[in-house]
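Notes to accompany the following structure.
The values are calculated or read from the model by the stated rules, or taken from the named source; none is laboratory data. No experiment lies behind these values; they were computed from the predicted model shown. FYI the Cβ positions are ideal-geometry reconstructions off the backbone, even for glycines, and counts take in every protein chain you see. Calculation scope for accessible area: heavy atoms of the full protein, side chains included, ligands and nucleic acids excluded. Shrake-Rupley method; radii C 1.70, N 1.55, O 1.52, S 1.80 Å.
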Amino acid sequence: LQYGLLIGSGFWRSSTSVRDWPLLMCCLSLPIFPLAAFLVEKLAQKNYMTEYVVVTLHIIITTASILYPVLVILRCDAAFLSGVTLMMFACIVWMKLVSYAHTNYDMRQLARSADEGENSEINYSYDVNIKSLAYFMVAPTLCYQLSYPRSASIRKGWLARQLIKLVIFTGLMGFIIEQYINPIVRSSQHPLKGDLLYGIERVLKLSVPNLYVWLCMFYCLFHIWLNILAEILRFGDREFYKDWWNAKTIDEYWRLWNMPVHKWMVRHIYFPCLRNGLPKGVAVLISFFISAVFHELCIAVPCRLFKFWAFLGIMFQIPLAILTNFLQNKFKSSNLGNMTFWCFFCIVGQPMCVLLYYHDVMNRNGGSS
């Protein structure tokens, strides 16, 4: 009623312009890094190199897999959405490569202990083959295994319905962004400068459409897209999320909302820290730190702006988790912790990040869109 219909055809073309082609080529060339990791593991299985060399090569490969897209995005003037997409793919490839190297390292250690007579009654032999790696790289999981549970067949009718839902809800996200979020953001001022009450009003006004977009994003990614991918690959483990909306503490939310990343963090960061004698608090801090770094990369690199708002937002979850745990313990069988989570994380936190990055990018560009 206030602005008229704002969404136009230009919105759908903005992420497919010629300037985005270098990012597409970079995305299509990312399989080079899993292939390099496979060659390293194949040589390691045949004992052609020492364990120190294997670990060094894996560090080089995983580091290059994340630095290569960063350099491409920073050198090319591409759309923000294209940059975020490429960075998310790069982060997924990095996490999968870490899991692949870590799991194969553990399997080699088990195989060597069996050869030396320890646990000789158990067969720890394993095979490094390109087929299992290729399946893992496209499967909706971040933790490498030699085999996965598989479904019996592909449900074609169910798959078609999910694809239709994906198109509908992706369109709904685009409509909300163009019709409601963009006008609010463009008519706002920097939330940390100027009139405080006006800044609070803009944040609260932005919180409603932002929350709908975030819920649509969650539904499209975790419920529809990952299930579509799992159905096509007949991937049997469909636990991509749990009831995070009922979380009464912040740490409970992080354990429920993104199960692939949570399982990866537990397996490759949290438990290795504990096995090396670190306290649980330090292991949690390291896990949040790594998560904060990758959240910052996915936002700051496409914006070409390193203000560390996303990094600070994730690290702020630690004191917020302490607060919600205290509230939950003090007021048992209440929804106070859940209300605190929704208020700080969804209603205030995300709109604040949107406004902070928007105005910092505008200030960097001299106010030009």
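Which of the residues belonging to region 316-365 are among the charged types (D, E, K, R) and exposed (fewer than 14 other Cβ atoms within 10 Å of the Cβ)?
Just the residues of region 316-365 that are among the charged types (D, E, K, R), to begin with: 330, 332, 360, 364.
Within region 316-365, Lys330, Lys332, Arg364 qualify.
Being under 25 Å from the mean Cα position of the chain (by Cα) and either modelled with pLDDT of 90 or more or not assigned by the TED database to the domain that holds Phe306 (or both) narrows it down to one of Ile7, Ile60, so name that one.
Ile60 is the lone residue from the list that is under 25 Å from the mean Cα position of the chain (by Cα) and either modelled with pLDDT of 90 or more or not assigned by the TED database to the domain that holds Phe306 (or both).
Restricting to region 115-144, name every residue that is open to solvent by 20 Å² or more (accessible area, probe 1.4 Å), in a helix (DSSP H, G or I) and at pLDDT 70 or above. If you could, list the steps in order and put the result at the bottom.
Taking region 115-144 first, the residues open to solvent by 20 Å² or more (accessible area, probe 1.4 Å) are 115-127, 129-132, 134-135, 137-138, 141.
Okay, now just the ones that are also in a helix (DSSP H, G or I), so 115, 130-132, 134-135, 137-138.
Hits for region 115-144 are Ile130, Lys131, Ser132, Ala134, Tyr135, Met137, Val138.
Identify the single condition in (1) farther than 25 Å from Tyr358 by Cα; (2) surrounded by 14 or more Cβ atoms within 10 Å (Cβ to Cβ); (3) modelled with pLDDT of 90 or more that Ile66 does not satisfy, given that it satisfies every other one.
The number of the failed condition is (1).
Can you find a residue in region 282-290 that is surrounded by fewer than 16 Cβ atoms within 10 Å (Cβ to Cβ), more than 30 Å from Val72 (Cα to Cα) and not assigned by the TED database to the domain that holds Ala79?
Among the residues of region 282-290, at least one is surrounded by fewer than 16 Cβ atoms within 10 Å (Cβ to Cβ), more than 30 Å from Val72 (Cα to Cα) and not assigned by the TED database to the domain that holds Ala79, which makes the answer yes.
Among the numbered criteria (1) more than 15 Å from the chain's Cα centre (by Cα); (2) at pLDDT 95 or above, which one does Lys96 miss?
Of the numbered conditions (1) more than 15 Å from the chain's Cα centre (by Cα); (2) at pLDDT 95 or above, the odd one out for Lys96 is (1).
Which condition breaks for Asp195 when tested against (1) charged (D, E, K, R); (2) open to solvent by 80 Å² or more (accessible area, probe 1.4 Å); (3) farther than 30 Å from Gly4 by Cα?
Going through the list (1) charged (D, E, K, R); (2) open to solvent by 80 Å² or more (accessible area, probe 1.4 Å); (3) farther than 30 Å from Gly4 by Cα, Asp195 breaks only (3).
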